[in-house]
Every structure is written in structure tokens, then in C-alpha cells.
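Just below is one structure, and these are the notes that go with it.
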């Protein structure tokens, strides 16, 4: 892994892909991938991205950074103490809207300079996925007069391709939702068009060779699907990831690489192994006084309401569990507090090595949100049901007394409207919807009676514990949900470095010989 690469990260979000790529070190302990340019348009995500770029300027985060995470120093004091590193972060992380003339005017000179330099480049990132996701497409159908041929989100991949053409990277990694495989613009399948455009991004129809990331027996478009739970990520996150290698380098690669970079693993990491060790946090109370005593009374009452609703014979064990938990909450001498300083080590060694920072004195972004009493009862029922039946209840399994007043509750369209995560499995896909209400991400511990915190969601996404998400809590949840899991990105980067570095070196030798 002697060769070094400069990386351009487009549609970067909070920087999940860059975090994984920047973690790869060569034999000289230097970074193989240098994140040179990252671009994101959202204000809060850009602030997160820029701060992480600042942290990467150091071999390890400075002590003042931990003071900032702990609320003991200001952002201004942190950045002013290290002006050189802060200016480097500003230069790398640009807040621009790709596809707009202003962005093109600012970025093109940088891309041209990178192309002229001797160090090869790698392009990473993925266009926004809302127009391709199944949920997004369903939502678009409900918009009066919606015309997919005029939805610019369908065509942001063209800006990605334009930058490939401008930069001519040695390789690129493009990520998107699985829904892109079946998405259409009018009657035209968009994925087929994307593949053809990517292959021809260098000016000829075969400028780039497209490879799957995972070795599998699947053919056609499905060969590009990556199932993150098969690679130690504690989350069932399925995404399309395309690896493109410039044709002059692809001709040198061994045949085995053409089948994919990575082998699937047998072991899957669970929710329990990832977040169970964190200290119990009580939920907040919404629209009423919120204190420890008030919460004890509210949570106990909510559990009793849920228990009273479980009249059906098949729910009697659930009922008993709810009543026992209600008694423990109402009789608790030490109330559940928001303990953002509580730390824990995941039970999976590889994940622990990746997530845990022994220098941390507190976990950032680890505070609960408030819930209405009616939702506390539903959360308690869902967690108790999951404990008994080892699965999350469907809408038609909720007692009538706990059913929300939603027009579509019995339609069957949202059977998982309240979904508890399960201790013994990887989580379901962490999406930006977690920013809305948390109903899809109920904590499996009945006694806590709440949805996941930003930090818990970030752990399931494999962001290191010292990774701070800027912005308000809603913005933080959106960033986490939209990101690529850094641990997945790390494995892709490692595989790419191992096979691409020798190709670049061999191509350079051939060029000198000529």
C-alpha cells in the first residue's frame, strides 16, 4: 500500500465515507487516502463535516477537542488555538450545492489542479437518494402534478459524472439506496442509464470498468447490492455501491478482483453488542412537567395502561411483564436521569476498537427526547412484546386501546408504525426518518421507555464515539440517517487500496518505460 491517493468526497453529508477512507494506513503509518476536498450543501451537516476535517489534521485529537465535547470550552477557543489546522479544514470542506453554477465555478479549478498533480485521485460519494427511495417515490406520487422528468434530484448523478470527466480519477465509489435499481424517469429505468453514463465518463463508452464491491453469485444490477450486516455493521442496511476503475488501470487488475473486493462474513453484530452497555436513560416528557419524579409516575402509569390493554389470552405474558416493570419504576429509589456522561464498550471487539475512545469523558449527542404519555404506553407495549415474542409487533397486534388516531393505522400500509429494535439482531435500517418521532426506533429496554438517542443511532451506523454531530437534534438525526456507515467504508477503502495501489505503481512504471 505504498501509493497514496487524494480523495474528493461529493454529497458528503457528515462524512461517513471519508471517515472510513481516511482510517486506512500504509506500512509507513501514513494515510493511504488523503481527503482533499469534500462538498456538502446542508448547513448543519457541513459544520459536522468541517469539524471532522479539523480533527483529521492531527495524529490524534488534541486535549482541547475533548474539552469542547465535554462543554468545557467554546468552538471559537478550540479553532483559534489551532489556526493552521482550522484553515486546512475550511479549505477541504466546502458548503456548496452541487449542480449549481456557483459550485461549478468554485470547484472546477480545484479539480483541474488535482488532475494535473502526480498523486492519483479517488472520487467517493453518492447523489441524494430521496428521489430513488421507495418511500420517496411513494411520497412523490401523492404530489399533485409531480413530473419525475422535471425532478432535478433524478439527475444530480450527472454532476457526479461531470466531475468524473473533469477529474479522471483512478477509481470512484458511488453509493445510493437500493430503490435506485427499480426507479424510472417516465418509462425509462434510470439505473441502466446511470451504468452506461458511468462507464463512458472518460469520453469513450469503456472509459471505466464497473465492479461490484461484494463477491456473490448474483448477476445483473443486484450484484451491486451491499448488505452491511454481512460486514460487522450492526444494522440491516442494504445499499447499491458501484466501484469504477479507470480502464487503463483495470486492464492490469487480476481476474479475482472483477468478482468483487470483499468476502461476506458469517458473524453478525447485534444491537445488544453495540448499545446495551450504555447506562439507562429515562425518556423526557412532552407537553407536561418533566422531572425525575414526574417521569417515574408517568412511565409507571403508561406501563399500567399498556398492561390493562393486554386483555387477549396470547398477551398475558406481555401484561405480566408490563405490570412488573410498572412496579419497579414507581418504586425506584434512584430515578433515571439523562446521563450523557455514561460510557460503555461494545461487546464486539472489532466494533469496540473502532468506536471507543478512551480519552472521552462523556458521550456527545447522547440525550433523550420527550414523548407524549400515549406514546410511552405504546413504546412500553412494543418493548414488552419484543421481549416475549422476540420480534416487533405489527399494527394489527396492538391492543385497540393503544391504537393511535391515524387514518391509515388499519390500512396495512404502515404495519411497522411502531417498531422496537431487537437485542439479538442487527438493527433495522437507520434512516433520516428517525428525526421525525422515533416510532420506528424504540429502545428495546422496557424500563427506559423511549426512542434511540442520536449517539445510539450513530453507534448502529458505526460512527466513532468521538464523532460530534453539529446542529440541533433533528439535524443530527438526519445526518446520521443519511450517512454511509464508516466501518463499511473502511472495509471498502482497505480492499480498494490493496488492489489499486499496485496497479497505479505498475502503470507508472510502464509510462516511464515508454
In the set 491, 476, which member is more than 29 Å from residue 211 (Cβ to Cβ) and either more than 16 Å from the chain's Cα centre (by Cα) or assigned to a helix (DSSP H, G or I) (or both)? 476
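To keep it simple, each residue is scored yes or no on (1) under 36 Å from the mean Cα position of the chain (by Cα); (2) in a helix (DSSP H, G or I).
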residue: 289; (1), (2): yes, no
residue: 294; (1), (2): yes, yes
residue: 298; (1), (2): yes, yes
residue: 315; (1), (2): yes, yes
residue: 321; (1), (2): yes, yes
residue: 324; (1), (2): no, yes
residue: 327; (1), (2): no, yes
Suppose the filter is over 16 Å from the mean Cα position of the chain (by Cα), assigned to a loop (DSSP other than H, G, I, E, B), surrounded by fewer than 24 Cβ atoms within 10 Å (Cβ to Cβ) and outside the structural domain of residue 19 (by TED's automatic domain parsing); does residue 468 pass it? no
Among the residues of the stretch 164-197, count how many are within 28 Å of residue 251 (Cβ to Cβ) and either at pLDDT 95 or above or assigned to a strand (DSSP E or B) (or both). 13
Quick one: how many residues across the stretch 168-200 are within 13 Å of residue 123 (Cα to Cα) and touching a strand residue (DSSP E or B) at 6+ places or on another chain (Cβ under 6 Å)? 8
Return the total of residues in the stretch 30-51 being buried (at least 19 other Cβ atoms within 10 Å of the Cβ) and assigned to a helix (DSSP H, G or I). 7
Quick check on the stretch 273-297: of everything there that is free of Cβ contacts under 8 Å to residues at least 60 places away in the same chain and within 18 Å of residue 326 (Cβ to Cβ), which residue is surrounded by the fewest Cβ atoms within 10 Å (Cβ to Cβ)? 293
How many residues does the stretch 432-448 contain that are in contact with a strand residue (DSSP E or B) (Cβ under 8 Å, 6 or more places away or on another chain) and over 14 Å from residue 417 (Cα atoms)? 2
Test each condition in (1) within 30 Å of residue 270 (Cβ to Cβ); (2) surrounded by 22 or more Cβ atoms within 10 Å (Cβ to Cβ) for residue 246 and report the one that comes out false. (1)
Selected residue (only one of 493, 457 is without any contact (Cβ under 8 Å) to a residue 60 or more places away in the chain and surrounded by 24 or more Cβ atoms within 10 Å (Cβ to Cβ)): 457
Can you say whether residue 210 is at pLDDT 90 or above, under 25 Å from residue 237 (Cα atoms) and more than 23 Å from the chain's Cα centre (by Cα), as far as the supplied structure shows? yes
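The values are calculated or read from the model by the stated rules, or taken from the named source; none is laboratory data. Computed from a prediction, not measured in an experiment: that's the story for all the values here. Positions of Cβ are generated from backbone atoms using ideal geometry, with glycine treated the same way; all protein chains shown enter the neighbour counts.
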